[in-house]
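The values are calculated or read from the model by the stated rules, or taken from the named source; none is laboratory data. Remember, predicted model here, so these are calculated numbers, not experimental data. As a convention, Cβ positions derive from the backbone with ideal geometry for all residues, glycine included, and neighbour counts pool all protein chains shown. Protein only, heavy atoms only, side chains kept; ligands, DNA and RNA dropped before computing areas. Shrake-Rupley method; radii C 1.70, N 1.55, O 1.52, S 1.80 Å.
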Amino acid sequence: MVFYEQIPTGDLCRSRTDADIAETLISALNRSLTGYVVFEPQQSILAGEDDRAVITFEQGVPMAAYHTDNDVVGSEAIDALSDSGTPHVDVHTLPAAALMSIHRDVTDTFAVAPTAPARHLTNDATLVERTRNVAPQTRVDGTDTQTAVEAFLADTDRIESIKQEARAEAAARAAEWGFTDQLGPPETTENENIDDEDRTLEDSAQQKGDNVYESESDVNARHNRTSSDDSKQNQSNSPGE
Amino acid sequence: MVEAFAVASGKGGTGKTTSTLALGMALAADYDVTVIDADTGMANLLFHAGLDDVEITLHDLLLTDCDLPASAAVYDRFGMSVVPCGTSLADFEAADPTVLRDVVADLAADTDVLLLDSPAALGSKSAVLPIVLADRIVIILQPTVPSLSDGLKVQEYARAYGTVTGGVIFNRVRQDEDVATIAEQATRYFDGRTLATVPESDAVRMARRVGKPLLAHAPETTAASAFRSAAATLDIHDGDAIGVADRFRNAVVPERL
């Protein structure tokens with residue numbers, strides 16, 4: 001797994017069986033840990049398995065996570081750890097530079113919100129707040145505060161930009177993946193919402209009947225058919241009927 | 001009658017698999033429901049449904065030399081037909097994704113509601129395929145900026161391929177989060193209804209740990225009740241079973257990552 005490959009072995013500074021995860025996170029915060037913590041669930045040890053999770057830290061703030069159970073990363077790794085009971089914990093220190101590749105180069109892949117471990121692995125609201133206060137502002141802004149979420153949703157320009165980018169991405173990848181013929185007509189950007197649901201479903205069925213169901217050879221064949229032939233196929237394939 | 005839903009989020013950790021099984025169990029009170037783990041690269045539905053020790057999974061059906069019928073990987077659990085996928089990387093590598101459409105088509109022909117637990121990604125053809133093929137998507141959100149942003153992207157991808165949004169579920173909502181305002185704001189951007197607001201719950205973790213869907217493990221919890229409410233709001237549409245099956249059977253072949 002690339003995650004492990006990018007973390008050199010650190011200096012073991014603490015090892016504890018039956019560890020309390022909240023205490024571990026508090027300790028990391030108190031000592032401004034830069035390094036990583038390996039969590040090995042007791043039930044995994046007893047079963048002779050090798051399940052373990054790793055959370056990396058910078059200045060006491062969680063940065064990235066990985067769990068060997070299905071090789072999940074980021075928030076899913078935190079979830080997997082939350083399912084696994086009391087762990088054995090090994091705390092390792094490392095220079096920040098040694099974690100650079102994980103924390104900078106592949107942040108989007110492995111990153112966890114600074115407060116995610118405290119929120120999902122403990123019931124300690126104080127720890128969540130402390131972590132949020134210690135984390136760099138750039139890492140908490142726009143991620144996990146209600147005010148930030150409401151501000152995000154009020155920023156119609158930003159949201160329209162995200163949607164436009166996604167539409168362009170979907171169109172570009174459609175070409176790459178051979179979905180070009182599945183693309184519908186350009187979408188309106190306003191919310192069509194509930195009142196328009198029936199019409200939207202009808203439109204969708206029309207599009208799907210027209211495009212989605214065909215193999216690549218079918219697509220080629222369809223190009224040689226007339227539009228009236230397409231219309232018949234729409235009717236036969238519409239899932240909404 | 002059949003309608004296919006992709007349960008999607010675009011971001012991991014929002015509780016897609018929990019939601020898929022919860023919606024499935026709730027809908028199973030009125031419909032024949034088939035739940036398929038369509039995340040063939042990162043499967044985990046089998047752990048949630050107590051099927052991690054079964055011999056045959058979707059992966060086996062995808063082997064080129066497999067002569068098993070699709071029904072061999074269908075398990076009747078909790079009132080649903082559940083099709084788990086294995087977690088072995090070697091099996092994933094050995095699987096022939098071109099067979100997936102036939103397997104799903106076979107299963108779609110004999111059910112009322114098809115729920116596809118979709119990959120938490122938009123970066124590959126196979127990850128997007130459930131969204132492309134479904135009639136509607138149900139988007140699982142958390143009240144955070146990354147989750148909402150990724151949910152919007154999923155919706156735009158779905159729209160691009162002619163799949164509409166059936167509704168959104170705000171999941172794993174903490175007690176200190178007032179999601180009503182956020183949900184109200186979000187309705188401006190997401191199509192369909194806000195189907196439910198589901199609170200963060202230790203019961204969800206415990207359910208996963210014991211290998212049961214939430215509605216089987218803790219049916220009286222607020223979270224379980226919220227999922228039942230979401231299912232009741234979903235308003236299943238009549239569909240043409242043969243048409244849906246044909247759609248899967250004739251879909252453009254998915255490729256590996």
Tensor-based shape of region B:104-173 (alpha-carbon gyration tensor, a/c under 1.5 rounded, otherwise prolate or oblate): prolate
Chain B: Cα Rg divided by the 2.2 N^0.38 Å rule of thumb: 0.93
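Keeping every protein chain present and rolling a 1.4 Å probe, give me the accessible area per residue for region B:1-127 in Å². Before the final figure, lay out the partial values.
Details: 4230 Å² over 127 residues.
Roughly 33 Å² per residue, with all protein chains present.
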Accessible carbon and sulfur surface of chain B relative to its total accessible area, %, 1.4 Å: 47 percent
Solvent-accessible area buried by B and A, counting both chains, probe 1.4 angstrom, square angstrom: 5700 Å²
Dipole axis of region B:3-249 (+1 Lys, Arg; -1 Asp, Glu on Cβ), positive-most option in B:GLY41, B:ALA180, B:LEU68: B:ALA180
Greater than 20 Å apart at Cα, pairs in B:LYS11/B:LYS153; B:LYS11/B:LYS212; B:LYS125/B:LYS153; B:LYS125/B:LYS212: B:LYS11/B:LYS212; B:LYS125/B:LYS212
Alpha-carbon centroids, region B:1-42 and region B:90-143: separation in whole Å: 10 Å
Assigned charges on the beta-carbon of Lys, Arg, Asp, Glu; region B:3-249 dipole about Cα centre (debye): 880 debye
Convex hull volume per residue in cubic angstrom - Cα atoms of region B:1-145: 105 Å³
Spin-label model distance (nm) - A:ASN123 vs A:GLN43, 7 Å beyond Cα toward Cβ: 1.9 nm
Top of B:PRO119, B:PRO84, B:PRO146 by mean-square fluctuation, Gaussian network on chain B, Cα under 10 Å: B:PRO146
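What does the helix-only formula give at 222 nm for chain B: each DSSP H stretch with n ≥ 4 adding -39500 (n - 2.57), the total divided by the residues, and the result rounded to the nearest 500 deg cm²/dmol?
-11000 deg cm²/dmol
Counting only DSSP beta bridges with both residues in region B:3-249, tell me the antiparallel percent, nearest 5.
10 percent
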